[in-house]
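The values are calculated or read from the model by the stated rules, or taken from the named source; none is laboratory data. Source: prediction; values computed, not measured. FYI the Cβ positions are ideal-geometry reconstructions off the backbone, even for glycines, and counts take in every protein chain you see. Areas reflect the complete protein model, heavy atoms only, side chains present, ligands, DNA and RNA absent. Shrake-Rupley method; radii C 1.70, N 1.55, O 1.52, S 1.80 Å.
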Amino acid sequence: MSHKKLFIPGPIEVHPDVLQAMARPMIGHRGSEYSELQKRITEKLQKLAATQSPILISASSGSGLMEGAIRCCTARRAIVFSVGNFGNRWYDMAVGNAVPADKQEVEWGNGLTPEMVDKTLATGKYDCATLTHSETSTGVMNHLDEMAEVFRKYPDIVWCIDAVSSFGGVKIDVDRLGIDVMVTSSQKCLGLPPGISLATFSPKAEKRAQTVKNRGYYLDLLQLLQFIREKNYQYPSTMSVSHLFALDLQLDRIAAEGYENRFARHRAMAKTVQDWARKHFALYPEEGYASTTVTCIKNTRGISVSDLNKELGKRNLSLSNGYGKLKEQTFRIAHMGDLQPSDIAEILTAIEEVLKLR
């Protein structure tokens, strides 16, 4: 099978050294070597997330810990702020788990405003709120600093964010912002294969979860925390040890690049793609809300995105069609993980050649 360089928003390109780390021989998941591995990873992730909170790890995609968060952190009623498909998914998770919840959905392409969030929280109906940082389906990135200002007015609300397609590519100071649960996963900005998810878990979120009777089992965040504390950094069931080997190495690679350098590289790649999109097509997100990690582009030329991708495939490149109802109306170019500006130049040049844009 020939390899296509991936510019899709997950799974993304994985560095050969990281892939090789997954080929290490297994270790037992109940021994001291495993405990040391998970503890080491936790400390590195706490630095990247700028948090003192525990790091929960799950052998699931990001959706797993998203489901666990809304189930474990809602005692009365949750409000889901949605700007696209994955915000809607969080609401569907609440409904599927019989968690009382409402959804406030904005028109796709738009971001959340502080006024909108403040008005909803001021009703006093909610004790848990979720929002998406980078909405992969629409390329919208909400402004966490603005949201944090609003949530500081409501200290009894547990604030959960989906940072699946942003953490590791965008600076998120969890403790400064006051985020209670930040969920991410392996296959996007962290630059690993898919298969594990990660979350921060604040003392406030822990206290809330203690009041929730039916937290489930596999995705019970308190059980994950209990094993960290009582079993010396272990996981309740069998963890994907190979992913942890890879994550351990990748977090060292991220630190070696330098966090600020990594964030700056992501901003530079985003600017290149978005300037190109404005020149040849148009951005789908409203101005000021375009994601730093994935750009969603309006198909203003009426091209066949499917045919474009077939032609790019002949050059061993791949981008992403629009998500769901946006298929063929948009297309998406991811610029995250270990991709470099030279990679971005390669995909944009190829698109121009295929579509004869020059």
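Only helical runs count toward this figure. For the chain, summing -39,500 (n - 2.57) over DSSP H runs of n ≥ 4 and dividing by all residues gives -12500 deg cm²/dmol at 222 nm. Just the protein heavy atoms count here, and of the accessible area of region 161-292 at 1.4 Å, carbon and sulfur take up 51 percent. Label separation (D156 vs K119): 2.3 nm, computed from points 7 Å beyond Cα along the C-beta direction.
Solvent-accessible surface of the chain, taken per residue with a 1.4 Å probe and all protein chains present: 40 Å². Taking the average, over residues, of other Cβ atoms within 10 Å as the packing measure, peptides 261-267, 166-172, 54-60 rank 166-172, 54-60, 261-267 from highest down. Placing dummy labels 7 Å off each Cα toward the beta-carbon, the span from R40 to A282 is 5.2 nm.
Give, rounded to the nearest 20 debye, the magnitude of the charge dipole that the chain has about its Cα centre when Lys and Arg contribute +1 at Cβ and Asp and Glu contribute -1 at Cβ.
The dipole magnitude comes to about 380 debye.
At most 10 other Cβ atoms within 10 Å and a DSSP loop assignment: could you name the GluC sites (Glu not before Pro) in region 87-135 that fit? Here the GluC sites (Glu not before Pro) that fit, given the DSSP loop and packing criteria, are E107. Take the Cβ atoms of R24 and R315, set R0 to 25 Å, and the FRET efficiency comes out at 0.15. Indicate the helices, whole DSSP H runs only, in the chain that combine a mean Kyte-Doolittle hydropathy of -0.5 or more with a Cα extent along their long axis of 20 angstrom or more. For the chain, where a helix must reach 20 Å along its axis and average at least -0.5, the hits are 241-257, 341-355. Distance from the C-alpha centroid of region 207-262 to that of region 272-336: 33 Å, rounded to the whole angstrom. Need one word for region 223-262: rounded, prolate or oblate. Basis is the Cα gyration tensor (sqrt eigenvalues a ≥ b ≥ c); a/c below 1.5 gives rounded, then a/b vs b/c decides. Because a/c hits 1.5 or more and a/b exceeds b/c, region 223-262 counts as prolate.
Summing charges over neighbours of M66, with a neighbour being any other residue whose Cβ is under 15 Å away from its Cβ, gives -1 when K and R count +1 and D and E count -1.
Of interest is the spacing of the C-alpha centroids, which for region 3-45 and region 167-203 amounts to 15 Å.
Rounded to 0.05, the FRET efficiency of the V95 and T211 pair, given R0 = 22 Å and the Cβ-Cβ distance, is 0.55. For GluC sites (Glu not before Pro), the sites in region 279-358 that DSSP calls loop and that have at most 10 other Cβ atoms within 10 Å are E287.
Can you classify region 2-90 as rounded, prolate or oblate using the Cα gyration tensor, where a ≥ b ≥ c are the square roots of its eigenvalues, rounded means a/c under 1.5, and otherwise it's prolate if a/b beats b/c and oblate if not? Here region 2-90 falls in the oblate category.
For the chain, just say rounded, prolate or oblate: build the C-alpha gyration tensor, square-root its eigenvalues into a ≥ b ≥ c, call rounded for a/c under 1.5, and beyond that prolate if a/b exceeds b/c, oblate if not.
Note, shape of the chain comes out oblate.
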